[in-house]
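Notes for the one structure printed next.
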Ligand SMILES: Cc1cc2nc3c(=O)[nH]c(=O)nc-3n(C[C@H](O)[C@H](O)[C@H](O)COP(=O)(O)OP(=O)(O)OC[C@H]3O[C@@H](n4cnc5c(N)ncnc54)[C@H](O)[C@@H]3O)c2cc1C
Ligand code: SF4
């Protein structure tokens, strides 16, 4: 009998994969906690802890269902802390005759494992994880030679192809493809937001072992009771709670932010999805069924499905088309280092103190906080996009490069020059005030552009348009701000430029 070794990565925890249909003594599975994976960027403690805890739960589940599993813990003296070294040792020890692995979603690991497999003396095979609606190159084939892509046509193509929210072969339910315009309300304090989901497991001992092994991290590890579902059963329970308590309001308040409600009506399922405990197919099907049964309005169901079927598949397509090299893109040649308060949350700007403080505390911020507060500031202040990317990759519980990089570098920093997004996502204090309660009680004046108390977003915003007029003024989606800039008094323009320069020179003190 040929013995086969099958590698499972920390984001490949899908018990429904065909590999696990029935136990077979010919197959050994291996999961490993390795410094190679904890150290490629500085991670939030919750991210390391949640991935290891979920891997341990998955290994236990496989063993309970009769599979043979090797598990290498981070503090195991026999663990040389890299995937190839551990695989070599297992192949030799168990006289393995064949190696298989699930295709990784990150370019870095895809290359490493492809090279490793090519160098083996035994046969090796990469197997599809079966997780996504689309193949790696499907978006590239869909867009062909076009250099600028947009999500919407790809989303509609997938709606049609998979028959999701469709009234006929080419007819969307409700007569519209997109209910985005209805998703822009601020949250006035009601309806009440759902309570935090907690599984009630204490991970203090695992956290102690991670720290004792010397793994560096930042942020609050929250080891006494992580809020993230760590196995499929917990993830399904979490999904049902979301459908019942939050989805009905998801569409309305999708873009809202509030200092007393960090989560609002978002799902908090990106960790379960990205580690593959949940499949996007089942989540989309469950949401569509909730609409069909009258549990949620069509706008909420469509808005949510668009995130998963549309954005999630689209950014993955951008990632595989743009790699390698995407992480080095820097369209605006921005070079500023991150201000020190990215690591503490201690800034006088109330919006950023909340969004960054919450990220450090919970390893989570919702989309608009990531895009229109933190990312918006980073772009306006001219922060180095590669440094911004590394911060996002480290801080968020759901950050895996295939999804984080296009969102950060492409959508939020426009560092790819407009491949993924048609215009930079930037805004002044007026937008943040409209969508949140952050500005009331802030030390800065949201209405002022210049002067010692002026909100830093305002001068940086107008100065950004002025500095980049050469590359952006021709973009028809930016016609309004450029028309406004043209009408601005030259003395005010000069004062704004001076103010913005002073702000960029003193980012740490803001
Ligand atoms: C700068 C920046 C960095 C981001 N980094 C990540 C990341 O590392 N990992 C990640 O999963 N998402 C990332 N996103 C997308 C999005 O912010 C998160 O998916 C979302 O906040 C996760 O929380 P949730 O489960 O409560 O999402 P919800 O708002 O409830 O949305 C539901 C699901 O839709 C999917 N989704 C929504 N928007 C996107 C998007 N733009 N791209 C891909 N999937 C999306 C996610 O799977 C999410 O779980 C990033 C967005 C920005 C602007
Ligand atoms: S005034 Fe400016 S810095 Fe303060 S919360 Fe509003 S947008 Fe943020």
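The table for this structure:
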quantity	calculated
The one condition in (1) within 21 Å of residue 279 (Cβ to Cβ); (2) more than 16 Å from the chain's Cα centre (by Cα); (3) without any contact (Cβ under 8 Å) to a residue 40 or more places away in the chain that residue 303 fails to fulfil	(3)
Some residue of the range 225-234 being surrounded by fewer than 21 Cβ atoms within 10 Å (Cβ to Cβ), within 19 Å of the chain's Cα centre (by Cα), assigned to a loop (DSSP other than H, G, I, E, B) and outside the structural domain of residue 315 (by TED's automatic domain parsing)	yes
Test: residue in the range 290-311 that is closer than 29 Å to residue 382 by Cβ and within 15 Å of ligand 1 (Cβ to nearest atom)	yes
Boolean, residue 250 is surrounded by 21 or more Cβ atoms within 10 Å (Cβ to Cβ), within 8 Å of ligand 1 (Cβ to nearest atom) and under 19 Å from residue 359 (Cβ atoms)	no
Set 110, 88: member being free of Cβ contacts under 8 Å to residues at least 12 places away in the same chain and crowded, with 17+ Cβ neighbours inside 10 Å	110
Condition met for residue 357 (modelled with pLDDT of 95 or more and within 16 Å of ligand 2 (Cβ to nearest atom))	yes
Any hit, the range 373-394, residues being out of contact with any strand residue (DSSP E or B) (no Cβ under 8 Å at 6 or more places or on another chain), away from ligand 2 (no atom under 16 Å from the Cβ) and assigned to a loop (DSSP other than H, G, I, E, B)	no
Condition check for residue 357: more than 30 Å from residue 246 (Cα to Cα) and more than 14 Å from ligand 1 (Cβ to nearest atom)	no
Residue 328 vs. criteria buried (at least 17 other Cβ atoms within 10 Å of the Cβ) and away from ligand 2 (no atom under 16 Å from the Cβ)	no
Test result for residue 309, away from ligand 2 (no atom under 16 Å from the Cβ), touching a residue at least 40 places away in the same chain (Cβ under 8 Å) and within 18 Å of the chain's Cα centre (by Cα)	yes
Residue check, residue 60 touching a strand residue (DSSP E or B) at 6+ places or on another chain (Cβ under 9 Å), outside any strand (DSSP E or B) and at pLDDT 95 or above	yes
Residue 358 assigned by TED's automatic domain parsing to the domain that holds residue 429, assigned to a helix (DSSP H, G or I), within 18 Å of the chain's Cα centre (by Cα) and at negative phi	yes
Residue count for the range 278-289, restricted to those that are closer than 19 Å to residue 15 by Cβ, more than 12 Å from ligand 1 (Cβ to nearest atom) and touching a residue at least 40 places away in the same chain (Cβ under 8 Å)	2
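The values are calculated or read from the model by the stated rules, or taken from the named source; none is laboratory data. No experiment lies behind these values; they were computed from the predicted model shown. A quick note on method: Cβ atoms are made from the backbone with ideal geometry, for glycine too, and the neighbour counts reach across all protein chains shown.
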